[in-house]
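To start, the structure itself, in structure tokens.
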Amino acid sequence: MSKESQARSRRKVYGAQMFAQSAMACPGCHGILSEAFDDCPRCGYSGRTAVAKFPFAAPPIERFIDPVGYLSGDARQKIDKALGLLKRRFPQVCLSICIIDLVEETDPREFGFWMFNASEVRDEEDEKNRPWTILLIIDDQNGRVSVTPGYAIEPFLNEESWESLLRMERKHFYEKDYEVAVLRFIDGASQILKVGAARALHRIRKRSSRSDERNRKGGRK
Amino acid sequence: MIRFVLCFLTMASLGLASSDFPVFEAGKAPPGGVYDPLEWLEIGKREELEESHRRALAKWGVRIFVVILPEKPALGAEVFAKKIGRNWGGSETWGVLLHVVGNSDSPWCAAERGENLRWAKQEEFERALESAMSRAHREPGQDLSVMVGARELTDELGFLGIISNRRNQMLGRAREEGVQRVGEKLAKQTLVKRAWMIGAPLALILGIVATILLRTRSRGRMTGFVFPETAPRRRFHGPWSGGGDVLATFSDENSDEGSWRS
């Protein structure tokens with residue numbers, strides 16, 4: 001066992017439910033789920049459905065997925081810098097920006113789910129980062145934007161905050177000023193992550209103080 | 001033989017008199033400050049002068065002598081008066097009024113500033129003597145000249161003594177103030193030094209603490225926040241993500257359709 005994996009095994013793993021701020025939803029029918037199902041109990045949706053719907057190889061999850069080239073080199077540099085700062089504040093978190101033209105029938109949320117899972121994991125680094133990745137999908141063709149988080153970061157994020165952020169930056173997305181839109185999105189993401197981090201810390205402290213109390217009571221008995 | 005002896009004694013006494021009176025030069029000062037072997041002054045006036053001299057000595061510490069001689073000393077009146085003054089008054093403040101009976105230039109005077117008039121200016125001192133003598137010479141009679149001259153000399157020296165005393169006090173006060181000012185300045189400097197001695201290390205310590213705190217904080221910021229690990233809520237056979245439910249549509253710039261959830 002490598003040192004890193006030893007350290008990982010020593011690290012405490014909490015239940016996601018302890019921090020979860022938003023309900024789980026089905027990428028197919030968007031119904032709210034009470035627990036994690038392999039197949040949606042409402043519509044039967046699963047990963048297989050997604051793969052069948054998109055019968056082609058998913059692109060690798062990189063910092064920029066922009067096959068058409070909506071972002072200029074200069075814009076990418078600026079976004080890279082902003083993402084570097086975000087990484088410094090939240091070293092686990094990765095943000096991937098995908099600007100693509102989808103057909104109208106394709107829901108960006110479902111596309112995000114498919115891409116996230118179908119995209120091949122290239123190396124150990126990618127394997128480590130993937131659960132902490134937040135995928136921003138911008139559908140240029142239809143003027144839609146969606147946010148898909150990985151399992152590890154998902155419990156700490158509030159979906160309503162993402163929606164508020166996107167609503168606030170509506171103008172830049174509408175004008176297809178993706179450089180400004182993405183930069184402002186990163187700024188907002190930093191705030192959302194900060195709130196999530198503070199909440200997580202609060203929960204952990206609360207839980208540890210409760211368990212301390214319980215231990216003390218047990219000791220008295 | 002007896003006649004010869006008497007003649008010799010007479011000659012000797014005359015010789016003494018004409019050799020600038022060495023007897024009283026070396027001897028003690030007369031008790032009331034009046035030397036009048038000829039008893040030329042009336043007794044009342046002599047007493048008056050003696051009383052005035054006693055008062056001057058008591059009040060201002062000035063010794064006044066009045067010397068009445070039958071003839072002008074060979075040394076010169078003023079030089080002789082000075083000699084007498086030094087013999088009788090020493091280094092103290094004194095004034096001598098010398099009168100030669102029958103001499104129209106009489107009286108003369110000499111004086112010494114001494115310790116009492118240390119702070120009186122030389123010009124003021126000389127002016128005071130001149131003024132006393134000019135007033136004395138203005139009097140019609142010789143005895144009046146002597147009386148007025150002695151009184152004026154006493155007053156002038158006394159007055160100068162007061163002025164000198166005041167100056168001395170003022171100088172003393174000024175010195176005290178100066179000393180006080182210097183003391184205050186030194187105290188202030190000491191205070192500033194102390195403040196520096198305490199303040200500088202304190203500021204240094206505070207600076208170091210602030211730097212450490214800032215560095216710790218910035219390092220904290222640099223290191224960033226590490227989210228706790230959670231057991232993934234795997235669903236829909238997705239290995240990395242269960243999808244998200246955030247979708248925003250931007251069909252027009254201002255529509256509130258900006259964001260919706262199904």
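The values are calculated or read from the model by the stated rules, or taken from the named source; none is laboratory data. All of these numbers come straight from a predicted model, not from anything done at the bench. Here the Cβ positions follow ideal geometry from the backbone for every residue, glycine too, while neighbour counts run over all protein chains shown. These area figures cover heavy atoms from the full protein model, side chains too; ligands, DNA and RNA do not enter into them. Shrake-Rupley method; radii C 1.70, N 1.55, O 1.52, S 1.80 Å.
In the complete set of protein chains, residue-level accessible area for A:Ser211 is approximately 40 Å², probe 1.4 angstrom.
The stretch A:145-159 and the stretch B:80-121 have Cα centres separated by 118 Å.
Which aspartates and glutamates does A:Lys78 reach when only Cα atoms under 15 Å apart count, and residues fewer than 8 places away in its own chain are ignored? Within reach: A:Asp177, A:Glu179, A:Asp187.
Among DSSP beta bridges whose residues both lie in the stretch A:73-221, state the antiparallel percentage, nearest 5.
On the way: 6 of 13 bridges.
Antiparallel: roughly 45 percent of the beta bridges in the stretch A:73-221.
Amide H to amide H distances under 5 Å link B:Asn116 with B:Thr93, where only residues 5 or more positions off or on other chains count and H is placed in the peptide plane.
Which links in A:Lys12/A:Lys87; B:Lys28/B:Lys82; A:Lys81/A:Lys171; B:Lys59/B:Lys82; B:Lys45/B:Lys121; B:Lys28/B:Lys121 stretch past 26 Å when you go from one Cα to the other? Checking Cα-Cα distances, B:Lys45/B:Lys121; B:Lys28/B:Lys121 exceed 26 Å. Secondary-structure-derived ellipticity at 222 nm for the protein assembly as shown, considering helices only, amounts to -18000 deg cm²/dmol, per-run term -39500 (n - 2.57) for DSSP H runs with n ≥ 4.
Considering only beta bridges that DSSP places wholly inside the protein assembly as shown, some 45 percent are antiparallel. With springs connecting C-alpha atoms under 10 Å apart, model chain A as a Gaussian network and identify which of A:Arg109, A:Arg207, A:Arg184 has the largest mean-square fluctuation. Of A:Arg109, A:Arg207, A:Arg184, the Gaussian network model singles out A:Arg207 as fluctuating most. Computed over neighbours whose Cβ is under 14 Å from that of B:Trp40, the net charge equals -3, Lys and Arg +1, Asp and Glu -1.
Annotation: amide H-H contacts under 5 Å for A:Phe64 (H modelled 1.01 Å from N, sequence separation of 5 or more, or interchain): A:Ile97.
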